[in-house]
1. Applying a 10 Å radius around every beta-carbon, put 17-27, 137-147 in order of their mean neighbour count, most first.
2. Based on DSSP H runs of at least 4 residues, each adding -39500 (n - 2.57), what is the mean residue ellipticity at 222 nm of the chain after dividing by all its residues, to the nearest 500 deg cm²/dmol?
3. How many nm separate the modelled label positions at ALA199 and ILE138, each set 7 Å beyond the Cα in the direction of the Cβ?
4. On full extension of the chain, what length is gained from GLU47 through GLU164, given 0.36 nm per residue of separation minus the C-alpha to C-alpha distance?
5. With charges set only on the Cβ (+1 for Lys and Arg, -1 for Asp and Glu), what does the dipole of the chain come to about its Cα centre, in debye to the nearest 20?
6. Stretch GLU94-ALA154 to full length: gain in nm at 0.36 nm per residue minus the Cα-Cα span?
Amino acid sequence: MADTVLYERRGHVATITYNRPDKLNAVNGELRRDLNAAFARFRDEEEAWVGIVTGAGRAFCAGADLRDGAGATGEFAGTFWEKPTLNSFESGWEIHKPVIAAVNGPCLGYGLTLVTWCDFVLASDRATFGYPEVRLGIPAMVGAIRLPRRVGWADAMELLLTGEAVDAEHARRVGLVWRVVPHEALLAEAAHLADRLVAGAPLAQRATKEMAARAAILPPLEAVRFAETMRLVVGGSADAAEGMAAAAERRAPRWVGR
Ligand code: COA
């Protein structure tokens, strides 16, 4: 993995950092590939239970790199549009581990597309959010799919159809942002939330998140059947036995993720 995305794991918490600060972490082909690789590593690394994604420098991510190839109106050169796969940025990844977005500054276009996939959006009071695509003459694609699922229709359309950016407090009011925190406290707040999440059994969390995600698109009966199956599978894990034993013995459980 090159340096355009950093991956660091401490204990059970992996932090993924957009790292092109001089270009406000704009997504060129290299960064996009590195970002997908970082999330694949997070998905596959057994010891990584909770993820935090943030940006180096003063931006979270200024969206697609407008200078990568022909720019916004043509084909992006290189790898930008290469092989959108079922398990990438665009599709939302089949990752059911909890992920926190720690939004430290401007979060635009592609950057916001990633954030609308995260479970928790913590925003610095310096963060801004927007889909500038219509101001470039192009549609926001995955943004148009995800944003109306996160916020009310008119609030989604305001961002998508005006292309204007809104501040963190506005984003919190409409439900896009979970909490706004002072800029200096952002990473500590994200780490604190990650620690709270690590206290839960990781397989049970993943099953819960996957059930919540699939239930949104399954008919009710199928959703219940799927949930029952997941409960049977995870109920047979070492962590489920440990959780029951710890409760009976009135002690804190020790999760192993198996
Ligand atoms: N693609 C490529 N480079 C970008 C970029 C992008 N999307 N966004 C910012 N940059 C680069 C700038 O060109 C500049 O590089 P330079 O110093 O080599 O000229 C550097 O990042 C700093 O950006 P700058 O515009 O000077 O910062 P600012 O604080 O004045 O403005 C923004 C911040 C985010 C408002 C502004 O950079 C912006 O509007 N960016 C484009 C957002 C966009 O349309 N994204 C596409 C979404 S599909």
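1. So the peptides 17-27, 137-147, ranked by packing, come out 17-27, 137-147.
2. Result for the chain: -12000 deg cm²/dmol, rounded to the nearest 500.
3. 4.4
4. Residue separation times 0.36 nm, minus the Cα-Cα distance, leaves 38.1 nm.
5. 500
6. Using 0.36 nm per residue and subtracting the Cα-Cα distance, I get 18.7 nm.
Throughout, read-outs are computed from the coordinates displayed, never taken from laboratory work. This structure is a prediction, so every number in the text was calculated from the model and none was measured. Every residue, glycine as well, gets a Cβ built from its backbone with ideal geometry; the counts of neighbours run over all protein chains shown.
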